[in-house]
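Input: a single structure, listed below in structure tokens.
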Amino acid sequence: MVLYFTCDLVSPPYTMYMGADKHENEELIRWGWPEDVWFHVDKLSSAHVYLRLRPGETLDDVPTQVIDACAQLVKANSIEGSKQNNVDIVYTMWDNLKKTGDMAVGQVGFHKSKQVRKVHVERRVPQLLKPLEKSKREEFPDLRALREERDARERQDLKAAERERKRAAEEEKKRKAEEKQMKSYDRLFDESKMVSNKDMSGYDSDDFM
């Protein structure tokens with residue numbers, strides 16, 4: 001089971017989600033999307049919360065209040081963290097998560113520590129958390145199928161972009177060829193290089209038998 005939340009602090013709203021347990025977290029780690037941002041309470045056990053970015057968006061584009069809302073949701077879903085003030089929440093892009101065979105269920109590391117960010121949470125903020133809790137819905141998605149559908153759409157988009165690139169390149173090639181041809185015509189009919197009958201010596205139009 002996956003728990004989904006809607007963050008409507010901004011428009012259009014963002015989608016957040018998390019696994020119901022550590023085994024579900026394993027599936028989320030495996031079948032996450034490149035557009036997902038992973039959140040966790042630093043140095044404490046907690047839920048793995050994901051924020052799905054919009055197409056073409058980067059982590060730097062996410063509004064601060066949305067990051068804060070994710071941090072509140074993670075803190076609230078940590079047995080230890082929910083009881084404490086002044087906790088840190090770490091977050092990074094999904095593709096920076098590293099999973100090795102010797103790690104426990106639900107445990108992850110990072111490929112690049114420098115790509116891990118941190119936000120400090122002093123206390124519970126109801127105005128950020130309550131709207132998320134009200135939006136909660138339970139679903140049983142086929143995470144693998146959803147990822148494969150996402151990848152298929154990306155491949156189609158890449159193919160379409162490549163076709164458009166080739167079409168634009170052909171159009172540019174054609175335009176340059178036509179431009180070159182026009183310049184050739186301009187040189188051919190350059191009046192400064194043309195001569196009239198008067199300029200032709202040794203020929204008189206009245207001098208004939």
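The values are calculated or read from the model by the stated rules, or taken from the named source; none is laboratory data. Being a predicted model, the structure only gives us computed values, none of them experimental. Every residue, glycine among them, receives a Cβ derived from its backbone with ideal geometry; neighbour counts consider all protein chains shown.
Points to keep in mind about this one:
- Count - residues of the stretch 135-149 that are in contact with a Leu (Cβ under 7 Å, 6 or more places away or on another chain) and surrounded by fewer than 12 Cβ atoms within 10 Å (Cβ to Cβ): 1
- Condition check for Gly101: within 18 Å of Trp33 (Cα to Cα) and modelled with pLDDT under 95: no
- Scanning the stretch 14-26 for residues that are farther than 13 Å from Cys70 by Cβ and touching a strand residue (DSSP E or B) at 6+ places or on another chain (Cβ under 7 Å) returns Gly19, Ala20, Glu24, Asn25.
- Of everything listed in (1) farther than 17 Å from Leu143 by Cα; (2) in contact (Cβ under 8 Å) with a residue 60 or more places away in the chain; (3) not in a helix (DSSP H, G or I), the single unmet condition for Gln72 is (3).
- Neighbours by Cβ (under 8 Å, 6+ apart or cross-chain): first from the stretch 95-122, free of Cβ contacts under 8 Å to residues at least 12 places away in the same chain; second part of a strand (DSSP E or B): Thr100/Gly109; Met103/Gly109
- Any chance Leu28 is surrounded by fewer than 21 Cβ atoms within 10 Å (Cβ to Cβ), out of contact with any Cys (no Cβ under 9 Å at 6 or more places or on another chain) and in contact (Cβ under 8 Å) with a residue 24 or more places away in the chain: no
- So Leu132, is it outside any strand (DSSP E or B) and either surrounded by 14 or more Cβ atoms within 10 Å (Cβ to Cβ) or among the hydroxyl-bearing types (Ser, Thr, Tyr) (or both): yes
- For the stretch 38-61, a residue qualifies if it is buried (at least 16 other Cβ atoms within 10 Å of the Cβ), in contact with a Lys or Arg (Cβ under 8 Å, 6 or more places away or on another chain) and within 11 Å of Tyr91 (Cβ to Cβ), and the qualifying residues are Val41, Asp42.
- Scan of the stretch 78-106 for residues that are polar (S, T, N, Q), out of contact with any His (no Cβ under 8 Å at 6 or more places or on another chain) and surrounded by 14 or more Cβ atoms within 10 Å (Cβ to Cβ), ordered by number: Ser78, Ser82, Thr92
- Residue, nearest to the chain's Cα centre (by Cα), within the stretch 104-123, restricted to residues that are under 26 Å from Met1 (Cα atoms) and in a loop (DSSP other than H, G, I, E, B): Val108
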